[in-house]
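Report on one structure; see the data block that follows.
The values are calculated or read from the model by the stated rules, or taken from the named source; none is laboratory data. Please read these numbers as outputs of a predicted model, since none were measured by experiment. Positions of Cβ are backbone-derived with ideal geometry, glycine not excepted, and every protein chain shown enters the neighbour counts. Surface areas here come from the heavy atoms of the whole protein model, side chains and all, with no ligands, DNA or RNA. Shrake-Rupley method; radii C 1.70, N 1.55, O 1.52, S 1.80 Å.
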Amino acid sequence: MAKTIYITGLGLIGASMALGIKRDHPDYEILGYNRSQASRDIALERGMIDRATDDFASFAPLADVIILTLPIKQTIAFIKELADLDLKEGVIISDAGSTKSAIVDAAEEHLAGNPVRFVGAHPMAGSHKTGAASADVNLFENAYYIFTPSSLTSPDTLEEMKDLLSGLHARFIEIDAKEHDRVTSQISHFPHILASSLMEQTAVYAQEHEMARRFAAGGFRDMTRIAESEPGMWTSILLSNRETILERIADFKERLEAIGQSISKGDEEQIWNFFNQAREQRQAMEIHKRGGVDSFYDLYVDVPDEEDVILRILELLRGTSLVNIHINEENREDVHGILQISFKNAQDLERAERLITENTDYTVVIK
Ligand code: NAD
């Protein structure tokens, strides 16, 4: 039976979800809310949604599923508003917020007792781009789409959501909201704080030491890439996951202190162990092979420094979609090959490996 889906917030996430829903359910009617006219127009023109409004409450009673794809604070404000609206019985309400406890707690507080179902969700994909104009039907491909069930999630809620979102080609997974926030504080929120702190420290240092700017290369770039993230989103993430993040900061200070002491004692063995342990742990995590947030399938090609060599490889890959291509010109100590090509999925990676190996003499490494 065709359903009516209400996407509220036609930003990068909401508009990309609309496209993904349409892919597998072209018969579903998609309604869209956005406060600015620009994203409403883009979403209508590009066929992402069927009807648009700037009045959040007006479409809510029509929907079988309401997905809140807004900043965390606004998601909570709309959950409160939904509690007082005359919604369809059994409507599913979900969201896309990057932290989950605050949102799930708000839903349990305001929606309990209403004939609605709620399931918190966090699609772990994104980019630094914002707005409907950046929407991409493949944004969530192979990414984890995390559900955080609660007392308002009945057993059929998840099945209906997975069916609705099948066209996103994401990997669905369920986890407790608090555990979600703990895990993401370590692997996402805290690294963003570190990247921005390092960036800030270096910028100040570079005022006195001009060469710092010039010498900053591969390692520094890898460590600070995420410092270019959208500040508003990250502010709300930190503010909605305070305690857990503060714990990570305290823990990290102790680690910095410990390595500082090893250096001050001149303890060669401790310092060697520090690096060696981290290297082994990183290798064991197989970080390069993972899908999910900002993680792709990478292939490294050891290419000679000859004319047109990169063009030749790209020609072989015609028809395969590349996520990124990178030429490592810097210090090659820790890089496998000079050309790094990132793919979105394992099939594309394997195809590329086969094509390059069969048609050239270059060494191909998959890490
Ligand atoms: P975006 O900036 O592209 O879109 C945000 C949307 O919210 C826009 O439609 C904007 O008009 C609307 N909005 C903002 N403030 C509002 C307000 N006060 N009232 C009404 N509407 C308002 O952002 P996005 O990347 O699509 O993020 C949406 C949600 O998805 C956020 O909760 C974010 O934490 C989460 N998320 C983002 C990413 C990512 O990397 N971009 C990844 C996973 C989850």
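When residue 107 is tested against (1) surrounded by 18 or more Cβ atoms within 10 Å (Cβ to Cβ); (2) under 20 Å from the mean Cα position of the chain (by Cα); (3) not in a loop (DSSP other than H, G, I, E, B), only condition (2) is not met.
Residues in segment 58-82 that are among the charged types (D, E, K, R) and within 14 Å of the ligand (Cβ to nearest atom) were compared, and the one that is least open to solvent (accessible area, probe 1.4 Å) is 81. If we scan segment 111-125, do we find a residue that is away from the ligand (no atom under 16 Å from the Cβ) and closer than 26 Å to residue 169 by Cα? Looking through segment 111-125, at least one residue is away from the ligand (no atom under 16 Å from the Cβ) and closer than 26 Å to residue 169 by Cα. Answer yes or no as to whether residue 102 is within 20 Å of residue 178 (Cα to Cα), more than 12 Å from the ligand (Cβ to nearest atom) and aliphatic (A, V, I, L, M). Criteria not met by residue 102.
Of the candidates 262, 197, 236, the single residue that is under 30 Å from residue 171 (Cβ atoms), modelled with pLDDT of 95 or more, among the small types (Gly, Ala, Ser) and assigned to a helix (DSSP H, G or I) is 236. Pairing residues of segment 283-306 that are at pLDDT below 75 with residues that are surrounded by 18 or more Cβ atoms within 10 Å (Cβ to Cβ), at Cβ distances under 6 Å and at least 6 apart in sequence or on separate chains, gives 288/298; 291/142; 292/124; 292/143; 292/144; 293/124. Got a number for residues in segment 74-112 being basic (Lys, Arg) and over 16 Å from residue 33 (Cβ atoms)? Of the residues in that region, 2 qualify.
Counting only residues that are touching a residue at least 24 places away in the same chain (Cβ under 8 Å) and within 16 Å of the ligand (Cβ to nearest atom), segment 213-238 holds 12 of them. Whenever a residue of segment 34-46 is closer than 9 Å to residue 133 by Cα, it has no partner that is in a helix (DSSP H, G or I) and within 6 Å of the ligand (Cβ to nearest atom) lying with C-beta atoms less than 6 angstrom away and at least six residues away or across chains. Determine if segment 23-30 includes at least one residue that is over 21 Å from the mean Cα position of the chain (by Cα) and free of Cβ contacts under 8 Å to residues at least 12 places away in the same chain. Yes, there is a match, as at least one residue in segment 23-30 is over 21 Å from the mean Cα position of the chain (by Cα) and free of Cβ contacts under 8 Å to residues at least 12 places away in the same chain.
For segment 6-36, a residue qualifies if it is assigned to a loop (DSSP other than H, G, I, E, B) and more than 9 Å from the ligand (Cβ to nearest atom), and the qualifying residues are 25, 26, 27, 28.
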